[in-house]
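What follows is a set of notes on a single structure, which appears directly below.
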Amino acid sequence: MPSQIIHSLVGRFAADRAGVSNNVVSRLFHFGCQGPDVFAHNRRTEPLGLAFSRLLHRRCYGDFCAHFARESGICEGIGKRDSVFSRPLSWFLGFVTHQCVDRVFHPYIVYRSFLDRAAAIPSVRADRYHVFFERILDAALFESLSGSAVSGFDCVNTLGLERGDYDDLVPPIARSLAMTFPLEESSRVAAESRVRNAFVDALRFYRLSDPSLTRMDRPVDPERAELFITFAVGDVALLHPNGIPESIDWLNRGRAAWRNPIDGAEKTDSVRDLFDIAVDRAARAIRSAVATAEGSLPLAEFSESIGNESLSAVGEDGNAGSVKFYAPYGLDAVLIDQAARRKRWLEGTVG
């Protein structure tokens with residue numbers, strides 16, 4: 001799941017390309033761009049909605065979107081829409097873009113970050129390299145597009161929500177999840193608690209890991225100092241890196257060949273190429289969502305346009321499988337360096 005900055009950037013570019021009103025591209029829109037990743041951050045507040053991240057990444061994304069369009073009242077038509085639907089619509093137009101980014105970026109991310117357990121640093125889970133590489137791409141692509149370091153991305157101002165911003169989203173999301181995955185969740189009350197808790201924990205995570213507030217050229221604030229002092233090397237992978245080595249072509253500007261990690265199909269796309277592909281697909285997804293809201297695209301066709309296949313790396317047949325092809329960058333050395341820098345930062349050494 002590409003990290004939050006790429007998802008927000010793709011969403012913003014796609015909304016512009018789709019001709020969506022600037023009023024819709026709000027914090028709720030950017031939060032919607034994070035898709036089911038918000039459930040992956042629900043690790044503190046119980047009952048947990050963590051399983052919904054796994055489920056929506058594996059299957060039925062299009063079905064869930066169709067259920068939400070109906071359960072929120074969005075498909076009743078923009079012209080008939082009461083003002084209460086402006087928040088669900090804003091979140092929804094962001095949410096439909098998420099799957100485009102994951103499906104386009106995951107093959108490259110997996111190919112360049114996958115490690116056998118034996119090759120990883122003993123104290124670091126192998127999946128943390130995937131997470132760390134996503135944040136490296138966030139930092140490198142943000143700098144490439146904006147000309148600024150990743151600390152220029154203000155996560156709180158982009159994604160920060162108050163409870164009143166999303167209270168009316170929780171019930172239709174919960175009902176839609178229960179309809180999409182009836183065997184996994186049949187209790188509406190429990191589903192609502194899981195959705196609300198996921199929002200709470202995700203917003204906390206985005207605030208604490210905000211790259212504008214974790215930059216290492218400034219002293220650490222007391223709240224983060226108390227939290228981060230217990231971070232192990234693998235935990236540093238959750239933060240956007242400062243000062244990644246330029247000796248590695250992270251964005252594949254040179255268009256070196258890489259392979260689909262499942263079936264081995266050779267590709268030469270740069271990360272900017274992948275970004276442009278994702279923006280184009282996300283703009284089409286937004287247009288489909290708007291057409292559904294206007295009543296001109298039936299829900300079944302809308303669901304099909306979004307797709308129900310996995311959001312992870314898949315082969316040419318569209319099916320997920322075991323990773324067989326990979327050539328990871330030297331992420332272990334970069335992660336160890338970042339951990340050392342974070343340690344000095346926490347001890348009061350900046351710069």
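General observations
- When both segment 86-145 and segment 201-258 are represented by their alpha-carbon centers, they are found 13 Å apart.
- Within a Gaussian network of the chain (alpha carbon springs, distance under 10 Å), most fluctuating of Ile277, Ile121, Ile74: Ile121
- Remark: the chain carries a charge dipole of roughly 300 debye about the Cα centre, counting +1 on each Lys and Arg Cβ and -1 on each Asp and Glu Cβ.
- Between Ser270 and Glu46, the simple label model (points 7 Å from Cα in the Cβ direction) yields a spacing of 5.0 nm.
- Accessible surface of Asp16 - all protein chains present, 1.4 Å probe, nearest 10 Å²: 120 Å²
- Accessible area (Å², per residue) of segment 1-63, counting only protein heavy atoms and a probe of 1.4 Å: 40 Å²
- Gained length - Asp235 relative to Ser322, 0.36 nm times residue gap less alpha-carbon distance: 28.7 nm
- Dipole magnitude (debye, nearest 20) for segment 201-351, charges at Cβ of Lys, Arg, Asp, Glu: 500 debye
- Principal-axis tilt of helix 86-113 within the chain, Cα atoms, nearest 10 degrees: 40 degrees
- Percent RCO, i.e. relative contact order, over segment 9-167, from Cα pairs under 8 Å lying at least 6 residues apart: 29 percent
- Highest mean packing comes first when the peptides 27-33, 130-136 are listed by Cβ atoms within 10 Å, giving 27-33, 130-136.
- For segment 245-324, size of Cβ-based charge dipole, Lys and Arg +1, Asp and Glu -1, in debye: 200 debye
- Between the helical axis of 127-146 and the longest alpha-carbon principal axis of the chain there is an angle of about 80 degrees.
- Using alpha-carbon coordinates, inclination of helix 4-18 to the longest axis of the chain, degrees: 40 degrees
- Reducing segment 316-351 and segment 16-49 to their Cα centroids gives an inter-centroid distance of 25 Å.
- For Leu177, Leu203, the ranking by accessible surface with the largest value first comes to Leu203, Leu177, using a 1.4 Å probe.
The values are calculated or read from the model by the stated rules, or taken from the named source; none is laboratory data. From a predicted model like this one, the values you see are computed outputs, not experimental measurements. Positions of Cβ are generated from backbone atoms using ideal geometry, with glycine treated the same way; all protein chains shown enter the neighbour counts. These accessible areas exclude ligands, DNA and RNA; they are computed on the full protein's heavy atoms, side chains included. Shrake-Rupley method; radii C 1.70, N 1.55, O 1.52, S 1.80 Å.
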